[in-house]
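Contents: one structure, followed by commentary.
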Amino acid sequence: IARASEGSVRDALSLLDQAIVHGNGKLSEKETGKMLGLAQYETVLKMLQLVNEGEGSKLLEISRMLSDQGPNFELILNQMLDILRRVAVVQVVGQSPDSKSDNEGAIVELAQAISQENCQLYYEIVLQGLGNLEVASDYESAFEMILIRLLAFVPEGLSTENPLKDLGEGDNRL
């Protein structure tokens, strides 16, 4: 609710009221997520795992399943950014920033599966895609293209060496 209200207390209170009504007097994460158009956290984690594994057909299948539920694609992309941030923190610092989170184990597993370089690349692609989403006439297609970019722009054989190093060998121009 806090993220969906984008920092506005009035909007947060309004969304809270709507969530309580939507849940028939009870506040539940699942029902609130549906109301806001969020994907289940596990689904977003699975999508990032599929990106990392190069499983495009399964990834697009999940995307289309989400589309049938009428999601808020902006919020889903923000969920992806949050997961990727948490993965990057685990990779660099060695511990989860949210150690009490229910999904900590899944974040650690993803951090072990994704290279640091790919994690940063995925983050940038999703961040750029989020900006492009605002100008797209069809959010569903734009979301799908972001997923396709995640699959398409992963360089093979990433090296941690300086890529400019080899450019100057035998040549004094650099």
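Evaluation of Asn52 against the conditions (1) open to solvent by 10 Å² or more (accessible area, probe 1.4 Å); (2) under 15 Å from Ser141 (Cα atoms); (3) of a type outside the set (Val, Ile, Thr); (4) part of a helix (DSSP H, G or I) shows that the sole unmet condition is (2). A search for C-beta distances below 7 Å between a residue of the range 117-142 that is without any contact (Cβ under 8 Å) to a residue 60 or more places away in the chain and any residue that is in a loop (DSSP other than H, G, I, E, B) and surrounded by 15 or more Cβ atoms within 10 Å (Cβ to Cβ), counting only pairs 6+ apart in sequence or on different chains, returns Leu121/Val154. Of the set (1) open to solvent by less than 70 Å² (accessible area, probe 1.4 Å); (2) modelled with pLDDT of 90 or more, all apply to Glu140 but (1). Residue count for the range 90-132 under the criterion of being at pLDDT 90 or above, farther than 25 Å from Ile148 by Cα and within 16 Å of the chain's Cα centre (by Cα): the result is 1. Hey, among the residues in the range 143-165 that are more than 15 Å from Ile62 (Cα to Cα) and open to solvent by less than 100 Å² (accessible area, probe 1.4 Å), which one's modelled with the highest pLDDT? Applying the filter and picking the extreme gives Arg149.
Results for (1) open to solvent by less than 70 Å² (accessible area, probe 1.4 Å); (2) farther than 15 Å from Glu42 by Cβ; (3) among the β-branched types (Val, Ile, Thr); (4) touching a strand residue (DSSP E or B) at 6+ places or on another chain (Cβ under 6 Å), shown as yes or no for each residue.
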position: Arg64; (1), (2), (3), (4): no, yes, no, no
position: Gln79; (1), (2), (3), (4): yes, no, no, no
position: Arg86; (1), (2), (3), (4): yes, no, no, no
position: Val89; (1), (2), (3), (4): yes, yes, yes, no
position: Gly94; (1), (2), (3), (4): yes, yes, no, no
position: Leu110; (1), (2), (3), (4): yes, no, no, no
position: Leu121; (1), (2), (3), (4): yes, yes, no, no
position: Gly129; (1), (2), (3), (4): yes, yes, no, no
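When each of Lys34, Lys26, Lys58 is tested for being surrounded by fewer than 17 Cβ atoms within 10 Å (Cβ to Cβ), at pLDDT below 90 and more than 22 Å from Asn132 (Cα to Cα), the lone residue that passes is Lys26.
The values are calculated or read from the model by the stated rules, or taken from the named source; none is laboratory data. Being a predicted model, the structure only gives us computed values, none of them experimental. Note that we place each Cβ from the backbone using ideal geometry, even for glycine, and neighbour counts take in every protein chain shown. Heavy atoms of the whole protein, side chains included, go into the accessibility calculation; ligands, DNA and RNA do not. Shrake-Rupley method; radii C 1.70, N 1.55, O 1.52, S 1.80 Å.
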